[in-house]
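> Got a structure for you, questions after.
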Amino acid sequence: MAEAWDARRVVDNITRAVARARESQVPVIWVQHEGHDLPRESTAWHLVPELRPANGEIHIHKRFESSFEETDLEPVLAGLGATHLVIAGASTNWCIRATSYAALDRGMT
């Protein structure tokens, strides 16, 4: 997040959305990217303190732009009976776009 555009506003918006989901008992699924420029367990890879999974929330690790590519996200969503998603990202628009398109391809809105 150190180099993310308008990071404080983005983190605050995501924090509010997560709080509302939790209050409404809507499942929150965390997807965290890793790659050659963002190695797992590096300082930059860790989530900011405001964005942390609560006990029992699903946390998926991904290596591609789409959160569906080579992850358990699709079966997790199927198990929850999910048909609608709220997608937020803390760092890049491209991952949100790729995940949104993949969700639409799977019949989710």
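> Using the number of other C-beta atoms within 10 angstrom as an exposure proxy, rank Asp6, Asp72 with the fewest first.
Asp6, Asp72
> Spelling out what I want: for every residue of segment 18-35, take phi, set θ = phi - 60°, compute 6.51 cos²θ - 1.76 cosθ + 1.60 (Karplus), and round to whole Hz; glycine and proline get x.
5, 4, 5, 4, 4, 4, 8, 6, 8, x, 10, 10, 9, 10, 10, 8, 9, x
> For segment 7-105, what is the relative contact order in percent, using Cα pairs closer than 8 Å and at least 6 residues apart in sequence?
Computed value for segment 7-105: 28 percent relative contact order.
> Another question about this same structure. Here are several values of Rg/Rh (Cα atoms, Kirkwood Rh): [x] 0.93; [y] 0.97; [z] 1.03. Which one was derived from the coordinates shown?
[x]
No lab work stands behind these numbers, since they all come straight from the coordinates. Treat the numbers as computed from the prediction; the structure is a model and nothing was measured. Note that each Cβ is placed from the backbone with ideal geometry, even for glycine, and that neighbours are counted across all protein chains shown.
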